[in-house]
Amino acid sequence: MVGGLALGLTGLALAAGSYSIIVNGQVATKPAVVMNGETYVPLSALKGLGITGSVKGNTLTLTQKSAASAAPTAAGGANQITALEGCINQTLFNGIWRVKVVSLSPIHTANPGGPDTPGWAVKLEVRNGTQKTTSLMSTGFGASSGGSQPALVLTDGSTLALNDSDFLKPWSQDVLQGGVNTFTLRFSYPTGTTEAQAQALKPSKFILQINSDLPPYLGVKYSVPDPSLRVQLTCKK
């Protein structure tokens, strides 16, 4: 089958072994491997670039579609968006921000007059990858900037409530070129949710939906059509 064939790439100085592949921000299902100093990438991973292959006799023919028709759409159910996608502890870069979910930890919020409310804390590392000082607010993060609030999606597709005060300061804070902003966002289950219910519906995705329409006076722009970010919380790098 064509999907099982591999394309050798020269000029890559890699040690022997296998390497995860990211195509347009999405993690491929099969790795690249290095054999005899040559790096081989499965054709199935190149479909995200619009490259397909066909075999006739002893000839492999590669065909590349236009960039527009090759743009991938990452699955997300009710939260489906075109987005850069990765895992916990994996840096995603959209041309302006290098974003990494550092950790996902269970938390409990005090509830006066009742049991504590379970929830989750998402620790984020956000680095400015441009040559200008800028902020999340000015680059399309947050509902008032044309994007949406960060979302923690559960296994059934529902989302948890964000503690807005956690996002308020880092959202408006200027980050120097090459600088980093590390902060934690807290998400809570509805009041009255038991620990057993929370354990039955754990987080599966963390989504940052970003508005890519930036005013020209900022002097920065995203390098991908949709700079939104989706982190699969069931995998870790």
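The values are calculated or read from the model by the stated rules, or taken from the named source; none is laboratory data. Remember, predicted model here, so these are calculated numbers, not experimental data. Ideal geometry is used to build each Cβ from the backbone, glycine not excepted, and the neighbour counts take in all protein chains shown. The accessibility values were calculated without ligands, DNA or RNA, using every heavy atom of the protein model including side chains. Shrake-Rupley method; radii C 1.70, N 1.55, O 1.52, S 1.80 Å.
Summary table
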| read-out | value |
| --- | --- |
| Candidates Leu46, Leu60, Leu12, filtered to the one that is assigned to a strand (DSSP E or B) and either at pLDDT 70 or above or of a type in the set (A, V, I, L, M) (or both) | Leu60 |
| Where a residue in region 182-196 is on the phi > 0 side of the Ramachandran plot and assigned by the TED database to the domain that holds Ser135 and its partner, wherever it lies, is surrounded by 15 or more Cβ atoms within 10 Å (Cβ to Cβ) and polar (S, T, N, Q), with Cβ under 9 Å and at least six apart | Gly192/Thr117 |
| Residue check, Gly142 more than 26 Å from Leu214 (Cα to Cα) and under 18 Å from the mean Cα position of the chain (by Cα) | no |
| Unique residue being part of a loop (DSSP other than H, G, I, E, B), open to solvent by 30 Å² or more (accessible area, probe 1.4 Å), small (Gly, Ala, Ser) and more than 19 Å from Thr91 (Cα to Cα) when the list is Ser148, Ser138, Ser144 | Ser148 |
| Gly140 being on the phi < 0 side of the Ramachandran plot and touching a Gly at 6+ places or on another chain (Cβ under 7 Å) | no |
| Residues that are among the hydrophobic types (A, V, I, L, M, F, W, C), over 23 Å from Gly140 (Cβ atoms) and open to solvent by 40 Å² or more (accessible area, probe 1.4 Å), drawn from region 180-230 | Ala196, Ala200, Leu201 |
| Residue in region 105-113 that is modelled with pLDDT of 95 or more and either buried (at least 18 other Cβ atoms within 10 Å of the Cβ) or of a type outside the set (Val, Ile, Thr) (or both) present | yes |
| Count of region 22-42 residues which are modelled with pLDDT of 70 or more, open to solvent by less than 80 Å² (accessible area, probe 1.4 Å) and of a type outside the set (Phe, Trp, Tyr) | 8 |
